[in-house]
Every structure is written in structure tokens, then in C-alpha cells.
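Structure first, then comments.
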Amino acid sequence: MRQGTDVVRAFHSEEGMVRMTRLRLIEIGVAVVLTVVALLFVAWTAWAAEPHGVSVTDAWARPTIGQGRTTAAYMTITNEGATDDVLKAATSPSAERVELHETKMTGDGVMQMRPLEGGLPIPAGATAELKPGGAHVMVMGLNGELAEGGDLPLTLEFAEAGSVDIVVPVRKGAGGDHAHH
Ligand SMILES: [Cu+2]
């Protein structure tokens, strides 16, 4: 009989230990998660308090014309950081290809656009205006028509600020623009 009781007691204490261990693991897990959350919060607060990155305002893109699947997007980009930045590239889930272009007057007075070699530099504190007749985001191979009132999602890739997702409203430009750009 005595032996039997010991076995039962041993069994109980072992079960208790398993339960304790599991509780302890959950406790440690919760503590680790809370610590990570606290650290992330501190990091985020520090990051948010410093002026950083870029802000993109006044973005707009032209509606497509007929069967055309090409458009240009314009915007104002301000580098709010303390570091010089470069708009290196852009992509869109709605288009096969997106390039950064500049429009330049050639020697014989013809307006021509060409890829911006090395991207568009935006020094610390500076503002770059992408506008008709100047630098623009060229969007090619759109997967559908872009109608006025619609949206064009764009991801801008900066050397310092990283990826910036924007949604560009589609509208007609102010008077005086040429139809193709
Ligand atoms: Cu262009």
C-alpha cells in the first residue's frame, strides 16, 4: 500500500512540475514579447521625433488617351531629413515599367525627354518639383486605362528614405500642357 501511495505522489508532483514549467515558459514568452514591444516603441518614438525622410505632395497623373497605356506622373518631393537623398527609381503594380525622365530642350529647340541618369537628387531640406516640361515619372505598359478621377499606385525608391508608397490621383493637367506630356 505504501508503495502505491508513493507512486501516486510521484506522479502528482511530476505533473505539477510539467505544469509549472509550461507556465514558466509562457511567462518568459510574455516577458520577451513585452520587452520587444517596449524596445520597438522606444525606437519608433525616437525615429518619429526626428525630422526624417521625404514627403510627397501634390501628386497627379494624366489620364490615358484612347488605347494609350502610357502616362506621366508629377509631384512635389521634399527631403525633410538631414541627409541628401536621391529618387532612384519608381514602380507601380499597375504598370510594366516606370522610369524617371527629364524633359530637355535640345540644341535645335526640340523638347525631348530622356531617362534621368543616376536618378533625381534631392539635397537635405530641398524640394524637387516634378512637373510638365521638367522631371517626371514615366509610366509605361499600364494594365488598363487611367480615367480622370481614378488612382495610380506608385512606389518611389529613395537611396536614403527607402520605399515610399503613394497613391496618385488621375486628373487633367492645368491648361497649357501638351497632350503627350
Ligand atoms: Cu517621359
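Read-outs: derived from the displayed coordinates by stated rules, not from any lab. These numbers come from a predicted model, not from an experiment. FYI the Cβ positions are ideal-geometry reconstructions off the backbone, even for glycines, and counts take in every protein chain you see.
As a proxy for reagent exposure, L87, L142, L34, L130 were ordered by neighbouring Cβ count within 10 angstrom, fewest first; the result is L34, L142, L130, L87. Charges were assigned to the Cβ only: +1 to each Lys and Arg, -1 to each Asp and Glu. The resulting dipole of the range 54-169 about its Cα centre is roughly 320 debye. Near L100, once Lys and Arg are set to +1 and Asp and Glu to -1 for all other residues with Cβ below 15 Å from its Cβ, the sum equals -1.
Sorting M138, M111, M75 by the number of Cβ atoms found within 10 Å of their own Cβ, with the fewest placed first, yields M111, M138, M75.
With an a/c value of 1.5 or above and a/b not larger than b/c for the gyration tensor axes a ≥ b ≥ c computed over the alpha-carbon atoms, the range 54-169 is described as oblate.
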